[in-house]
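The values are calculated or read from the model by the stated rules, or taken from the named source; none is laboratory data. These numbers come from a predicted model, not from an experiment. Cβ atoms come from the backbone with ideal geometry, glycine included; neighbour counts cover every protein chain shown.
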Amino acid sequence: MSILKLLTSSVGRKILMAITGLLLAFFMAFHLFGNLFLFLGEEAFNAYVNKLHQLGFLIRIAEFFLVLFVGSHAYSGTLLWLKNRKAKKVISSYSKANTSNAARSAAFTGSIVFIFLATHWSTFWYKFNFDLQGMSYYYVVTESSVGFGSPAVSIFYIVAIALLGYHLKHGITSAGQTLGIVGTKYEKIYNNLSAIFWFWIPLGFISIPIWFGFIARVI
Amino acid sequence: MNINLKIWRQSSGSTKGILKSYRLENIDPNISFLEMMDILNIKLVKEKKDPVAFDHDCREGICGSCGFMINGSPHGPQKATTVCQLHMRAFSNEEDILLEPFRAESFPVIKDLSVDRKAFDRIISSGGYVSTNTGEAPEANSISIKKEYADEAFLSSACIGCGACVAACKNSSAMLFTSAKVSHLSLLPQGQKEGKDRVAKMVATMDEEGFGSCTNTGACSAECPKEIGQVNIARLNQEYISSSLSSLLKKKE
């Protein structure tokens, strides 16, 4: 079996999606670690971002791989979605809900997350890298109109991250199934760890707009 | 009991189908669903109308011939039951019952409720053979197999290939069927020799036949009359990964 044949078979595409998906989930944990510096105050956050900037080309390489992972995950997902649509015939009566909503809506939640990522890059990432205009990183996130200074941005952020968590609720267990972890002795550990990624990490992300976008403004 | 049936009528694969209504009165609740269908067909024949075509053979729940959608569920409302083992007592008096064939691009309609499931046979035959000595029955203790493996292999081999998994799946994926067939052999020593080749070929045929891919929703296992578990799909994936890796490594040598 050639690599091309492997990667274009239905199971191969899913393996690719599982691996890229899990790597992106690990990146999320790292991303949240950085975001939580916001709660330590302006100086700590700015110092952290400056540290990252000092890494220079290493960050660019990492960014290249992140975009590659997101791209191949979305690309495989879209191709499989199209194949699946073609395989199904219209039915007038349809089965009762015998599957979880998270599983059935994974393509939809994934699409919303993709739109969110596009806006995320065009605002935070672009501003941080090229268009700071003398503002501090902390200010961009907590006060500016592209950040949580705007209630609309905060609400969109909260909704998108919640959907991302929902996407991962299915995605993480699904990756375990695709990589063949289910049915082995690691299944239980894997399933227990999965809640970190679909629940606790998204909750950590959401805490930031809730605090800086709403609560900190009132008190 | 009285029932109101709505049945998908389609005279051949190339013509358009419609839902037609039928009413049956004084049905004994203890007859099986297919016996009820026989009563309907006898009535239709007496009226010089075209009887409803549906697949069936053993009527004991072990051959995998029967199966259609009853109120949107493959094999009907009862868990772990084929249509032939379903009884009219599972329904209530004056209930509306909607019957449709299994729907999938890879399962073209032959007539009414009967669909062509040869795609499954092609997946099986693409898997090839198992090396085993023919002749007399083999000595029972010459190959020792751990009880857990024997039990798991038996559970996988319970798949009757009825196609309910494809019909239940929102993607019309044949992963549960294929994975049951793959893990049934891969769990046993007799299936090891050709195992790596088998999984690659069966997945390739499954893709060629136009089945969708698995999105791990679990609808197939929920509807499977033989309760084939999701763990089979994980096993197929394991087998597929190790098969791909070993063939990639072999090429380099």
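Some points to look at:
- Of note, residue A:74 does not satisfy the criterion of being small (Gly, Ala, Ser), under 30 Å from residue B:210 (Cβ atoms) and crowded, with 19+ Cβ neighbours inside 10 Å.
- Each residue in segment B:126-140 was checked for being under 22 Å from the mean Cα position of the chain (by Cα) and either at pLDDT 95 or above or at negative phi (or both), and 3 pass.
- Just one of the numbered conditions (1) at pLDDT 95 or above; (2) exposed (fewer than 15 other Cβ atoms within 10 Å of the Cβ); (3) touching a Leu at 6+ places or on another chain (Cβ under 7 Å) is not true of residue A:18: (2).
- Residue in segment B:148-155 that is surrounded by fewer than 18 Cβ atoms within 10 Å (Cβ to Cβ), away from every other protein chain (no Cβ under 11 Å) and of a type in the set (Phe, Trp, Tyr) present: yes
- Residue B:170 in a helix (DSSP H, G or I) and basic (Lys, Arg): no
- Considered as a group, the residues in segment A:86-118 that are assigned to a helix (DSSP H, G or I) and among the charged types (D, E, K, R) include one that is modelled with the highest pLDDT, and that residue is A:86.
- In the condition set (1) under 19 Å from residue A:87 (Cβ atoms); (2) surrounded by 24 or more Cβ atoms within 10 Å (Cβ to Cβ), residue B:199 is compliant with all but (1).
- Hey, residue A:147 buried (at least 22 other Cβ atoms within 10 Å of the Cβ) and more than 22 Å from residue A:107 (Cβ to Cβ) or not: yes
- Of the residues making up segment A:1-15, those that are part of a loop (DSSP other than H, G, I, E, B) and either surrounded by 14 or more Cβ atoms within 10 Å (Cβ to Cβ) or at the interface with another protein chain (Cβ under 7 Å from one of its Cβ atoms) (or both) number 2.
- Filter result for the condition that a residue is assigned to a helix (DSSP H, G or I) and either touching a helix residue (DSSP H, G or I) at 6+ places or on another chain (Cβ under 6 Å) or at positive phi (or both), over B:123, B:143: B:123
- Verdict on residue B:102 being surrounded by 22 or more Cβ atoms within 10 Å (Cβ to Cβ) and either at pLDDT below 95 or touching an Asp or Glu at 6+ places or on another chain (Cβ under 7 Å) (or both): yes
- Among the candidates A:81, A:121, residue that is within 30 Å of residue B:72 (Cα to Cα) and part of a helix (DSSP H, G or I): A:81
- Scanning segment B:180-200 for residues that are in a helix (DSSP H, G or I), more than 10 Å from every other protein chain (Cβ to nearest Cβ) and not β-branched (Val, Ile, Thr) returns B:180, B:181, B:184, B:185, B:186, B:189, B:190, B:191, B:195, B:198.
- Candidate set: segment B:215-253, residues that are more than 7 Å from chain A (Cβ to nearest Cβ) and not in a helix (DSSP H, G or I); chosen: the one nearest to residue B:66 (Cα to Cα): B:225
- Filter result (farther than 22 Å from residue B:102 by Cβ and either surrounded by fewer than 16 Cβ atoms within 10 Å (Cβ to Cβ) or among the β-branched types (Val, Ile, Thr) (or both)) within segment B:5-43: B:23, B:25, B:26, B:27, B:28, B:29, B:30, B:31, B:39, B:42, B:43
- Taking segment A:124-187 and the helices (runs of 4 or more DSSP H) fully enclosed by it, no element has 1 or more residues that are of a type in the set (Asp, Glu).
- Total residues in segment B:57-67, condition without any contact (Cβ under 8 Å) to a residue 60 or more places away in the chain and either in contact with a strand residue (DSSP E or B) (Cβ under 8 Å, 6 or more places away or on another chain) or buried (at least 20 other Cβ atoms within 10 Å of the Cβ) (or both): 1
- Here residue B:164 meets the list (1) small (Gly, Ala, Ser); (2) more than 29 Å from residue B:109 (Cβ to Cβ); (3) touching a strand residue (DSSP E or B) at 6+ places or on another chain (Cβ under 9 Å) almost entirely, failing just condition (2).
- Scanning segment B:129-139 for residues that are surrounded by 12 or more Cβ atoms within 10 Å (Cβ to Cβ) and either acidic (Asp, Glu) or out of contact with any Gly (no Cβ under 9 Å at 6 or more places or on another chain) (or both) yields one hit, B:138.
For (1) farther than 17 Å from residue A:32 by Cβ; (2) within 13 Å of another protein chain (Cβ to nearest Cβ), each residue gets a yes or a no:
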| site | (1), (2) |
| --- | --- |
| A:163 | no, no |
| A:172 | no, yes |
| A:176 | yes, yes |
| A:179 | yes, yes |
| A:183 | yes, yes |
| A:187 | yes, yes |
| A:191 | yes, yes |
| A:196 | no, no |
| A:203 | no, no |
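- All conditions but one from (1) touching a residue at least 40 places away in the same chain (Cβ under 8 Å); (2) away from every other protein chain (no Cβ under 14 Å); (3) of a type in the set (Gly, Ala, Ser) apply to residue A:44; the one that does not is (1).
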